[in-house]
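A.B. asks: The structure that follows is given in the form of structure tokens.
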Amino acid sequence: MTNSKDWQTLYINVNLATMTDGSNSYGEITQAALAISNGKIAWLGKESDLPADFSEKDNDVEVIDGKGQWLTPGLIDCHTHLVYGGNRANEFEMRLQGKSYQEIANAGGGIVSTVTATRKASEEELLASALPRLTALHQQGVTTVEIKSGYGLDTVNEIKMLKVAGLLADELPVTIKRTFLGAHALPTEYKDNAEGYLDLVCDEMLPQVVNENLADAVDVFCEGIGFSLEQTKRVFDAAQSHNLPIKVHAEQLSNLGASELAANYDALSSDHIEFLDEAGIKAMKKSGMTAVLLPGAFYFLRETQLPPIELLRKHQVPMAVATDANPGTSPIHNIHLMLNMACTLFKLTPSEALAGITCYGAKALGLTESKGQLAVGYDADIALWKIEQPAELCYQFGVNPLAALYQAGKRVI
Ligand code: NIG
Ligand code: FE
């Protein structure tokens, strides 16, 4: 505990959803106080337990009356693809006329159509189009966002995407974590040469990404319309050789066993997982992985296969929730809507859903020790909500109850 003389900000008369108890509860502390010092949470507890030697008069602290509102950790969107060129409204229309996502992808649309638009866009254009998407999330209380590459699919354009993702952190007070997703799809120039493309991913793109320190993790789309299990393994091996943590788009449209494979590499997370089976869940539990649920993609593709929530609960695999913001399967930049959909579509409890975008969102990014919880020593990424109970965050959307937002102890909203 820091000396109360060092506190810069002190919230009094607030309720805390600390999210330190995983998804079991909100970790509530009512009639509480919370102090910030040097960008970190310095103290929290019942207001009546404030240190006896603390006196407002002797301190340079800004004391804020929270008026009985709620503080939560800043929200974490642990899976997005929000840097991209163009949009796919035409494919949305095609799907409404009966074409499936796979049919469109196999006919040369889907991911590769966004690749064409992303390759054409300059860094400035990509930054300008990504900024409103990130702004929307930020204004909803998001303080940490993961952004994947995967619409460049050649060295120059993958690097361009990751650089733009990094530049976004200069534009908005949001922590950005970058993931290299070179193995997202086969670009047209490698249409009949998957192994050749993987050579490029593993032997050229990845070393360069590592050299320029452009990624915090590596992801692969393991699927019939993506990469096979064997091909996925090649990329995982390359990631491991560079000591980069692994994430995987797995079991979204079919079960190829990618989650189990990822577990062998101590991956951070397996994401989508509608078709995940119990063997995969057990493997994930054993290696400490997080399951990332993406209700926006499930909804937007009008999927019917639900992720195995009951089995994930039974085996106590932590469940994160994210937007998957992308032009093809989830053109959704609303984390509050994800909370609601996690509950209505996937039947998560509100405390599970909130854990999914706080403590377990952090876990899916390897940030368990610093973000996603209100706890002493954690980054002071904190959201103040004009609500009477935490479940309201899941219950309604479209009206934004965010009253204040702090990133690393600084008020940013
Ligand atoms: O997370 N599943 C693969 N990747 C993205 C979709 C990409 C796209 O269609 O543009 C996803 O759903
Ligand atoms: Fe995705």
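The values are calculated or read from the model by the stated rules, or taken from the named source; none is laboratory data. Owing to the predicted nature of the structure, the values given are computational and were not obtained by experimental measurement. All Cβ positions, glycine included, derive from the backbone under ideal geometry; neighbour counts span all protein chains shown. These accessible areas exclude ligands, DNA and RNA; they are computed on the full protein's heavy atoms, side chains included. Shrake-Rupley method; radii C 1.70, N 1.55, O 1.52, S 1.80 Å.
A.B. asks: Quick check: pseudo-label points 7 Å beyond the Cα along Cα→Cβ at ASP199 and SER100, how many nm apart are they?
C.D. replies: Reported label-point gap for ASP199 and SER100 is 3.4 nm.
A.B. asks: On to the next question. Once the Cα atoms of helix 278-287 and of the chain are each reduced to a long axis, what angle between those two axes, in degrees from 0 to 90 to the nearest 10, is obtained?
C.D. replies: The angle comes out near 60 degrees.
A.B. asks: Can you list the residues, at least 5 places off or on another chain, whose amide H is less than 5 Å from the amide H of GLU28, using H built in the peptide plane?
C.D. replies: Sorted by chain and number, the residues that satisfy this are THR18.
A.B. asks: Give, rounded to the nearest 20 debye, the magnitude of the charge dipole that the chain has about its Cα centre when Lys and Arg contribute +1 at Cβ and Asp and Glu contribute -1 at Cβ. Intermediate results must be reported in sequence, preceding the final value.
C.D. replies: Details: 32 positive and 51 negative charges, 107 e Å.
Result for the chain is approximately 520 debye, rounded to the nearest 20.
A.B. asks: DSSP loop (so not H, G, I, E, B), at most 15 other Cβ within 10 Å: list which trypsin sites (Lys or Arg not before Pro) in the stretch 162-218 pass both filters.
C.D. replies: Values: sites: LYS163, LYS177, ARG178, LYS191; in loops: LYS191.
When the trypsin sites (Lys or Arg not before Pro) of the stretch 162-218 are filtered for loop state and at most 15 Cβ neighbours within 10 Å, LYS191 remain.
A.B. asks: Separation between the ASN38 and ASN264 pseudo-spin-labels, each 7 Å from Cα along Cα→Cβ, expressed in nm?
C.D. replies: In this crude label model, ASN38 to ASN264 measures out at 4.5 nm.
A.B. asks: By how many nm would the segment from ALA107 to ARG411 lengthen if fully extended, with 0.36 nm per residue of separation less the alpha-carbon distance?
C.D. replies: Extending this stretch completely gives an extra 104.6 nm.
A.B. asks: For the stretch 34-47, what does the Karplus curve 6.51 cos²θ - 1.76 cosθ + 1.60, with θ = phi - 60°, yield as ³J(HN,Hα) per residue in whole Hz, taken in order and with x for Gly and Pro?
C.D. replies: Coupling constants for the stretch 34-47: 8, 10, 10, 9, 6, x, 10, 6, 9, 7, 8, x, 4, 4 Hz.
A.B. asks: Answer rounded, prolate or oblate for the stretch 310-409, using the Cα gyration tensor with square roots of eigenvalues a ≥ b ≥ c: rounded when a/c is under 1.5, else prolate when a/b is larger than b/c, else oblate.
C.D. replies: On the way: a/c = 1.40, a/b = 1.11, b/c = 1.26.
Taking the square roots of the gyration eigenvalues as a ≥ b ≥ c, the stretch 310-409 is rounded.
A.B. asks: Here are some pairs, LYS160/LYS191; LYS233/LYS363; LYS282/LYS363; LYS247/LYS314; LYS282/LYS386; which of them have Cα atoms lying more than 28 Å apart in this structure? Walk me through the numbers before you get to the answer.
C.D. replies: Details: LYS160/LYS191 22 Å; LYS233/LYS363 23 Å; LYS282/LYS363 18 Å; LYS247/LYS314 23 Å; LYS282/LYS386 40 Å.
Over 28 Å Cα-Cα: LYS282/LYS386.
A.B. asks: Identify all lysines with a Cα-Cα distance to LYS5 below 16 Å; exclude those on the same chain that are fewer than 8 residues away in sequence.
C.D. replies: Leaving aside lysines fewer than 8 places away in the same chain, those within reach of LYS5 are LYS40, LYS57.
A.B. asks: Under 5 Å between amide H atoms, partner at least 5 residues away or on a different chain: which partners does HIS79 have, H built in plane at 1.01 Å?
C.D. replies: Long-range HN contacts for HIS79: GLU146, THR323, ASP324.
A.B. asks: Follow-up. Using θ = phi - 60° and the Karplus form 6.51 cos²θ - 1.76 cosθ + 1.60, what ³J(HN,Hα) does each residue of the stretch 156-173 get, whole Hz, x for Gly and Pro?
C.D. replies: 4, 7, 5, 5, 4, 4, 5, 5, 4, 4, x, 5, 4, 5, 7, 8, 9, x
A.B. asks: Can you pull the one-decimal nm distance between simple spin-label points at SER287 and SER228, each 7 Å off the Cα toward Cβ?
C.D. replies: 2.0 nm
A.B. asks: When the helix-only estimate is applied to the chain (DSSP H runs of n ≥ 4, each -39,500 (n - 2.57), divided by the residue count), what is the mean residue ellipticity at 222 nm, nearest 500 deg cm²/dmol? Walk me through the numbers before you get to the answer.
C.D. replies: Values: 16 runs with 139 residues, N = 413.
-9500 deg cm²/dmol, from helical runs alone.
A.B. asks: Within 10 Å, at most 16 other Cβ atoms, and a DSSP state outside H, G, I, E, B define an exposed site. Report the longest part of the chain free of exposed GluC sites (Glu not before Pro). If you can, show how the numbers build up before the last one.
C.D. replies: Working: sites that count: GLU212, GLU369, GLU388.
Counting at most 16 other Cβ atoms within 10 Å as exposed, the longest clean stretch of the chain is 1-211.
A.B. asks: Another question, if that's okay. For ASP6, ASP271, what's the largest-to-smallest order of accessible area, 1.4 Å probe? Write down the numbers at each step before the final one.
C.D. replies: On the way: ASP6 75, ASP271 0 Å².
Largest accessible area first, the residues go ASP6, ASP271.
A.B. asks: On the accessible surface of the chain, probed at 1.4 Å, how many percent belong to carbon and sulfur atoms? Mind showing how you got there, number by number?
C.D. replies: Working: 7670 of 16070 Å².
Ligands and nucleic acids excluded, carbon and sulfur give 48 percent.
A.B. asks: For GLY182, what residues show an amide H to amide H distance below 5 Å, using hydrogens built from the backbone and excluding near sequence neighbours?
C.D. replies: For GLY182, the qualifying residues are ASP219.
A.B. asks: Also, quick follow-up: So which trypsin sites (Lys or Arg not before Pro) in the stretch 200-306 are both in a DSSP loop and have at most 16 other Cβ atoms within 10 Å of their Cβ?
C.D. replies: Values: sites: LYS233, ARG234, LYS247, LYS282, LYS285, LYS286, ARG302; in loops: ARG302.
Here the sparse-neighbourhood loop sites are ARG302.
A.B. asks: Moving on to the next point. Filter the trypsin sites (Lys or Arg not before Pro) in the stretch 34-105 to those in DSSP coil with at most 13 other Cβ atoms within 10 Å of their Cβ, and list the result. Intermediate values should be presented prior to the final figure.
C.D. replies: Working: sites: LYS40, LYS46, LYS57, LYS67, ARG88, ARG95, LYS99; in loops: LYS67, ARG88, LYS99.
Qualifying residues, ordered by number: LYS67.
A.B. asks: So if each residue of separation counts as 0.36 nm, and I subtract the Cα-Cα distance between LYS120 and GLN389, what length gain in nm does that give? Could the numbers behind the result be given before it?
C.D. replies: Working: separation 269, 0.36 × 269 = 96.84 nm, distance 4.69 nm.
Contour length minus the Cα-Cα distance gives 92.2 nm.
A.B. asks: For an R0 of 45 angstrom, estimate the FRET efficiency from the Cβ-Cβ distance between GLU189 and ASP277 and round to the nearest 0.05. Working shown, then result.
C.D. replies: Values: r = 36 Å, r/R0 = 0.79.
So, using R0 = 45 Å, E works out to roughly 0.80.
A.B. asks: Tell me, what HN-Hα J-couplings in whole Hz come from the Karplus equation 6.51 cos²θ - 1.76 cosθ + 1.60 at θ = phi - 60° for each residue of the stretch 206-222, using x for Gly and Pro?
C.D. replies: Computed from phi, the couplings for the stretch 206-222 are 4, x, 5, 4, 5, 4, 8, 6, 9, 9, 9, 7, 10, 10, 9, 8, 8 Hz.
A.B. asks: Using alpha-carbon positions, what is the distance between the centroids of the stretch 156-170 and the stretch 59-121, in Å?
C.D. replies: Computed from Cα coordinates, the inter-centre distance equals 16 Å.
A.B. asks: Multiplying the sequence separation of THR304 and GLU28 by 0.36 nm and subtracting their Cα-Cα distance, what value in nm do you get? Could you put the intermediate results ahead of the total?
C.D. replies: Details: separation 276, 0.36 × 276 = 99.36 nm, distance 3.49 nm.
The THR304-GLU28 span can extend by a further 95.9 nm.
A.B. asks: Follow-up question, since we're still on this one. State, in angstrom, two size descriptors of the chain derived from its alpha carbons: Rg to one decimal place and Dmax to the nearest whole number.
C.D. replies: Every Cα atom of the chain included, Rg and Dmax give 21.3, 73 Å.
A.B. asks: If DNA, RNA and ligands are ignored and the probe is 1.4 Å, what is the ranking of ASP170, ASP60 by accessible area, most exposed first?
C.D. replies: Details: ASP170 120, ASP60 150 Å².
The residues order as ASP60, ASP170, largest area first.
A.B. asks: Counting DSSP beta bridges with both partners in the chain, what percentage is antiparallel, nearest 5? Don't jump to the answer; show the numbers that get you there.
C.D. replies: Working: 24 of 56 bridges.
Bridges in the chain are about 45 percent antiparallel.
A.B. asks: Ignoring ligands, DNA and RNA, what accessible area per residue does the chain give at 1.4 Å, in Å²?
C.D. replies: 39 Å²
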